[in-house]
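Structure record follows, encoded as structure tokens.
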Amino acid sequence: MEQRHLGRTGLRVTRLGLGTLNWARDTDEQEAAEQLKAFWEAGGTLVDTADIYADGGAEYLLGRLMEELVPRADLVIATKAGSVLEADRRVDCSRRHLLAALDASLERLGTDYVDLWQLHGFDPHTPLEETLAALDLAVSSGRARYVGVSNFSGWQLAKAGTWQLAVPGGRQRLASTQMEYSLLQRGVEREVLPAALDLGIGLLPSSPLGRGVLTAKYRHGTPSDSRGGSDHMAPFVAPYLDETAGRVVDAVATAADGLAVTPLQVALSWVRDRPGVTAPILGARTAQQLSAALSVEALSLPDEIRRALDDVSAPVHHYPDQDWSTL
């Protein structure tokens, strides 16, 4: 599998990553083992998880599989901290919480370090300099090799990224930002992606298949065995089942027919090769789904199809988004 540098760093990762959101919840240990083995055998390296996935169960399962199935040294392990399941607070990026969460993640993963440690969200109640100092400490103490963020808006990413670059050699530059990005969700192109490109921060798209909708499985109804057919995931899929999304899915399906490939391959290839993207994160529920996604490695979309998909899915830019003077 082809590799890319993660942002403006020396870290190289495969241009597709494996996500573990479903592990230890909708994906059991046997299925997770099959996914990880298939990903590793295909040459994949980047595996993304978080401390709140299955309340720590995903990290624990990944740690067991690294011990029994795939060598730790062959993988680039990325995890996240900062999300909390509290009634009055969703994000806690205080130094106290973050460093305790990192130690707990390392214990569950059964490793001395993670390759990429990411803030799971922006905490408006903690001074940003305190939060970022925790990232610096994680690296200087050897518990993390690189650091990044997730779910930061454009101004938040620009502020954090600039702060880290303000003292050359004294702070750790942000290597990555993880955001939802697909043909059905191009909001990051307004402010987040321009900031990331300017600061040399690599984008790791989550939900690159539009929460599964871009596979075209929902064109004629909701399959009972899909996320949209489950009680706990249906609200996650529902926003992308409207008429606007339907037009994009139809265009993807038409392109797939013309290329003799699947809609999944077309949609994934599109986001993988967007400017600024390092590696889409594949959140497959089954090994079969993952194998279908990994087959995109050899596909590059023709320019005319890429432009047609750009047009049909184009987001509306309003003042004062970038290039507002041309509107």
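The values are calculated or read from the model by the stated rules, or taken from the named source; none is laboratory data. All figures in this text were calculated on a predicted structure; none of them were measured in a lab. For neighbour counting, all protein chains shown are included, and Cβ atoms are generated from backbone atoms with ideal geometry for every residue, glycine included.
Please enumerate the residues belonging to segment 52-74 that are buried (at least 22 other Cβ atoms within 10 Å of the Cβ) and touching a Ser or Thr at 6+ places or on another chain (Cβ under 7 Å).
Within segment 52-74, Tyr53, Ala58, Glu59, Leu62 meet the criteria.
Take Leu116 and tell me if it is surrounded by fewer than 18 Cβ atoms within 10 Å (Cβ to Cβ) and either modelled with pLDDT of 95 or more or more than 16 Å from the chain's Cα centre (by Cα) (or both).
Answer is no for this residue.
Within segment 287-327, how many residues turn out to be modelled with pLDDT under 90 and either of a type in the set (S, T, N, Q) or surrounded by 13 or more Cβ atoms within 10 Å (Cβ to Cβ) (or both)?
Final tally of qualifying residues: 5.
Take the residues in segment 210-228 that are among the polar types (S, T, N, Q) and at pLDDT below 85; name whichever of them is surrounded by the fewest Cβ atoms within 10 Å (Cβ to Cβ). It would help to see each step written out before you state the result.
From segment 210-228, those among the polar types (S, T, N, Q) are 215, 222, 224, 226; that's our starting set.
Filter once more, keeping what is at pLDDT below 85: 222, 224, 226.
On the way: Thr222: 16, Ser224: 8, Ser226: 18.
Filtering first and then ranking leaves Ser224.
Going by what's in this entry, would Gly161 be described as crowded, with 16+ Cβ neighbours inside 10 Å and under 19 Å from Leu197 (Cα atoms)? Before you say what the answer is, go through the steps one by one.
Working: crowded, with 16+ Cβ neighbours inside 10 Å: yes; under 19 Å from Leu197 (Cα atoms): yes.
For Gly161, the condition - crowded, with 16+ Cβ neighbours inside 10 Å and under 19 Å from Leu197 (Cα atoms) - is met.
Return yes or no: is Asp48 under 27 Å from Ala133 (Cβ atoms), surrounded by 14 or more Cβ atoms within 10 Å (Cβ to Cβ) and not small (Gly, Ala, Ser)?
So Asp48 fits the description; yes.
Check off (1) out of contact with any Lys or Arg (no Cβ under 9 Å at 6 or more places or on another chain); (2) surrounded by fewer than 17 Cβ atoms within 10 Å (Cβ to Cβ); (3) over 25 Å from Arg145 (Cα atoms) for Asp26 and give me the number that stays unchecked.
(1)
Out of all the residues in segment 166-185, which are surrounded by fewer than 18 Cβ atoms within 10 Å (Cβ to Cβ) and more than 22 Å from Asp115 (Cα to Cα)?
Matches in segment 166-185: Ala166, Val167.
Taking the stated definitions as given, is Leu193 of a type in the set (A, V, I, L, M), more than 30 Å from Ser94 (Cβ to Cβ) and buried (at least 23 other Cβ atoms within 10 Å of the Cβ)?
On the way: of a type in the set (A, V, I, L, M): yes; more than 30 Å from Ser94 (Cβ to Cβ): no; buried (at least 23 other Cβ atoms within 10 Å of the Cβ): yes.
No.
Okay, residues lined up against (1) under 29 Å from Pro320 (Cβ atoms); (2) of a type outside the set (A, V, I, L, M, F, W, C); (3) free of Cβ contacts under 8 Å to residues at least 60 places away in the same chain:
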site	(1), (2), (3)
Leu197	yes, no, no
Ile201	yes, no, no
Pro208	yes, yes, no
Gly212	no, yes, yes
His232	no, yes, yes
Pro235	no, yes, yes
Ala238	no, no, yes
Leu241	no, no, yes
